[in-house]
Amino acid sequence: MTDNTAPDFPAWAKAKQARIEEVLDEALPPDSREPRKLHSAMRYSALGGGKRVRALLCYAAAELCNTEIEVADAAAAAVELIHAYSLVHDDMPCMDDDDLRRGKPSCHKQYDDATALLVGDALQSLAFDVLSTPQLCANANQQISMLNILAKAAGSTGMAGGQAIDLDSVGKALAQQELEDMHQLKTGAVIQAAALLGAANGTLEQVSAVHAYAENIGLAFQVIDDILDAEADTATLGKTAGKDADSNKPTYVTILGLEVAKDLARQLHTTAISALAPFGDRALRLRELAGFITQRSF
Ligand code: GRG
């Protein structure tokens, strides 16, 4: 049955974006606390920017699976902190070397390289600090499983590993499967973790559907990222456009061409949505979010 009192997707997303901003604001040490420069740079990098797609995925999966809102808050914050750390490190000269992030100077440009390195380290620790809050979950084993999901997603068999493969792939001709394997680690692992953490209270059937949904939507997110990198301008993206082609990196657009890449994004969207079929209106937000991810313009 449709809940006629439920807000439309833009209103729901706006409310959840405001909510995660407050949770992060609370979790991050104030910039009046020593070491002030580090705390100021952490807040600069984690607050006031980004689409908060990972937090939205976490909240939407929590709505499907009846996960308590306090648990979803902590999980969404932890995932956004890991994501913010990855962006700070990714922008550094030793990695992707980008001066612009979320429409403002990247962390190492605004501060300095050493501070940016520490910001990433400290944001990662803070993510696990938030998710390990004593008695966050009534069931301690459930909380340990959640910590394990995040640790695996961020580590060398997840995001950091994907980044290593990405750095190694510059100038190489990757097959589509190799590109997919790399992205499933680099961006897919944390996107999947966001949805799975939100699904903490889910039944086996719900968790397995959320997993299938997140695998497909995570990949669609990356295909769209490659399309935007090729088509959109820097002002719209809030980061340097055309970066991948300039860096001689294989992308879905360079491997498949623009039109086939767009078809692939549509197919992945359809597959993601079909995984939610058994859940009707309870999966509404996840379904809407899939649309938001594949139709985004930045
Ligand atoms: C440094 C260990 C380490 C990993 C970095 C995820 C990642 C790995 C780097 C990000 C580089 C990048 C631009 C990847 C493309 C896809 C992506 C993650 C884009 C940024 O995510 P959005 O669009 O960003 O969700 P906002 O700013 O909206 O949060």
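The values are calculated or read from the model by the stated rules, or taken from the named source; none is laboratory data. Nothing here was measured: the structure is a model prediction, and the numbers come from that model. Glycine gets a Cβ as well: all are built from the backbone with ideal geometry, and neighbour counts include every protein chain shown. Side chains included, ligands, DNA and RNA excluded: accessible areas come from the protein's heavy atoms. Shrake-Rupley method; radii C 1.70, N 1.55, O 1.52, S 1.80 Å.
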_Going residue by residue through the stretch 187-201, is there one that turns out to be in contact (Cβ under 8 Å) with a residue 12 or more places away in the chain and open to solvent by 50 Å² or more (accessible area, probe 1.4 Å)?_
yes
_Criterion violated by SER125 - all others in (1) crowded, with 22+ Cβ neighbours inside 10 Å; (2) among the hydroxyl-bearing types (Ser, Thr, Tyr); (3) farther than 18 Å from GLY48 by Cβ satisfied_ = (1)
*Residue count, the stretch 62-88 (criterion: touching a residue at least 40 places away in the same chain (Cβ under 8 Å) and within 12 Å of the ligand (Cβ to nearest atom))*: 9
*From ARG43, ARG19, grab the single residue that is in contact with a Phe, Trp or Tyr (Cβ under 9 Å, 6 or more places away or on another chain), more than 18 Å from ALA199 (Cβ to Cβ), surrounded by 15 or more Cβ atoms within 10 Å (Cβ to Cβ) and among the basic types (Lys, Arg).*
ARG19
*Kindly list the number of the only condition in (1) open to solvent by less than 30 Å² (accessible area, probe 1.4 Å); (2) assigned to a loop (DSSP other than H, G, I, E, B) that fails for LEU24.*
(2)
_If GLN143 meets every condition in (1) touching a Ser or Thr at 6+ places or on another chain (Cβ under 9 Å); (2) over 20 Å from ALA194 (Cα atoms) apart from one, which number is that one?_
(2)
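Condition check ((1) within 18 Å of the chain's Cα centre (by Cα); (2) closer than 22 Å to ALA283 by Cβ) across all residues:
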| site | (1), (2) |
| --- | --- |
| LEU117 | no, no |
| LEU131 | yes, no |
| PRO134 | no, no |
| GLN142 | no, yes |
| ILE165 | no, no |
| GLY171 | no, no |
| ALA175 | no, no |
| ALA200 | yes, yes |
*asked:* Residue pairs, Cβ under 7 Å, 6 or more apart or interchain, first in the stretch 96-125 and over 28 Å from ALA151 (Cβ atoms), second part of a strand (DSSP E or B). List them.
replied: ASP99/PRO105
*For the stretch 207-239, how many residues meet the condition of being in contact (Cβ under 8 Å) with a residue 60 or more places away in the chain, among the small types (Gly, Ala, Ser) and away from the ligand (no atom under 15 Å from the Cβ)?*
2
*Which residue out of LEU131, LEU136, LEU150, LEU123 is modelled with pLDDT of 95 or more and closer than 13 Å to MET42 by Cβ?*
LEU123
_Condition first: part of a helix (DSSP H, G or I), modelled with pLDDT of 95 or more, buried (at least 18 other Cβ atoms within 10 Å of the Cβ) and not aromatic (Phe, Trp, Tyr). Can you find one or more residues in the stretch 95-106 that meet it?_
no
